[in-house]
Amino acid sequence: RCLSDWSSDVCSSDLLVTGHPGAGKSGALHDLAEILHSKGDVVCLAADKLDIASLPALRSELGVEHEIADIFANWQGSRPGYLLIDALDAARGTRAADALRELIREIVGLRSRWHVIACIRKFDLRYSRDLQDLFPQTGRNAVSPEFEDSDFLFVRHVNVPLLSEEELLQLESKAPVLYELYRNASNELRQLLHVPFNLRLAAT
């Protein structure tokens with residue numbers, strides 16, 4: 001439901017994808033990568049899979065000879081390019097986080113056909129002034145208010161929301177046993193089931 005609201009305007013510049021843990025940010029980013037692949041060049045990095053301490057280390061891990069920013073700067077093409085970085089929060093407090101922020105800064109600084117779309121938890125975005133400054137909100141927001149977080153109106157972002165009550169009520173016809181669990185659950189458990197990751201665990 002979130003992807004249906006991500007128009008071409010939304011992805012026409014650098015963007016952060018944020019939300020609560022388990023809300024489905026990585027899944028949304030994966031699906032977005034498939035959609036954007038038909039529109040231009042797409043490069044994906046998973047921060048939680050990278051064991052790096054610097055940009056030269058990233059270059060070595062990727063097996064490329066030239067500086068990463070130089071590769072993007074000289075990558076010819078007429079269509080838009082997208083660098084997608086998942087799970088930035090997984091690198092929290094490490095030199096890998098510093099390296100990825102530097103990479104984002106260099107790609108954004110190119111002001112080229114390449115756009116950075118990075119995924120990070122709300123908690124980590126709230127305490128990362130560097131990332132907030134790298135993704136400033138300028139002009140009209142192309143995102144529907146349903147997918148905005150009021151804490152980050154000054155940041156260009158898409159918020160992946162938790163499941164709504166209306167969506168969970170659809171379980172009655174789609175997954176009756178799971179619906180019975182939700183209907184009879186305590187208020188505390190109900191709140192947990194609004195998180196897609198938790199709902200999947202319950203289904204399992």
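Solvent exposure of HIS20, expressed as accessible area, is near 80 Å², computed with a probe of 1.4 Å over the protein chains only.
With protein chains left intact and a 1.4 Å probe, residues in the chain average 55 Å² of accessible area per residue.
Amide H to amide H, with H built 1.01 Å from N, ALA46 comes under 5 Å of ASP86, counting only residues 5 or more places away or on other chains.
Given a 1.4 Å probe and the protein chains as shown, ARG200 ends up with an accessible area of around 150 Å². Computed from backbone phi with θ = phi - 60° and the Karplus coefficients 6.51, -1.76 and 1.60, the 3J(HN,Hα) list for the range 119-128 is 10, 7, 5, 4, 4, 6, 5, 4, 10, 10 Hz; x is used for glycine and proline.
Dividing the C-alpha radius of gyration of the chain by 2.2 N^0.38 Å, with N its residue count, gives 1.11.
Could you state, as a whole-number percent, how many of the C-alpha pairs of the range 57-168 are farther apart than 20 Å? Counting every Cα pair in the range 57-168, those more than 20 Å apart make up 49 percent. Taking θ as phi - 60° and the Karplus parameters 6.51, -1.76 and 1.60, the scalar couplings of the range 11-23 work out to 9, 8, 8, 5, 8, 9, 9, 10, x, 6, x, x, 6 Hz in sequence order, x denoting glycine and proline. Taking label points 7 Å from Cα along the Cα-to-Cβ direction, ALA46 and ARG190 give a separation of 3.6 nm. Here the chain exposes an accessible surface that is 50 percent carbon and sulfur, computed with a 1.4 Å probe and the other protein chains kept in place. The solvent-accessible area of THR138, taken with every protein chain present and a 1.4 Å probe, is close to 100 Å². Charge tally for ALA57 (other residues, Cβ to Cβ under 12 Å; Lys, Arg +1; Asp, Glu -1): -2.
Would you tally the net charge around LEU84, using a Cβ to Cβ cut-off of less than 14 Å, leaving LEU84 out, and scoring K and R as +1, D and E as -1?
-3
Modelled spin-label separation between ALA57 and ASN141, with each label point placed 7 Å from Cα along the Cα-to-Cβ direction: 3.6 nm.
The values are calculated or read from the model by the stated rules, or taken from the named source; none is laboratory data. Note that the structure is a prediction, hence the values are computed from the model and not measured. As a convention, Cβ positions derive from the backbone with ideal geometry for all residues, glycine included, and neighbour counts pool all protein chains shown. Please note that ligands, DNA and RNA were not included when accessible areas were found on the heavy atoms of the full protein model with its side chains. Shrake-Rupley method; radii C 1.70, N 1.55, O 1.52, S 1.80 Å.
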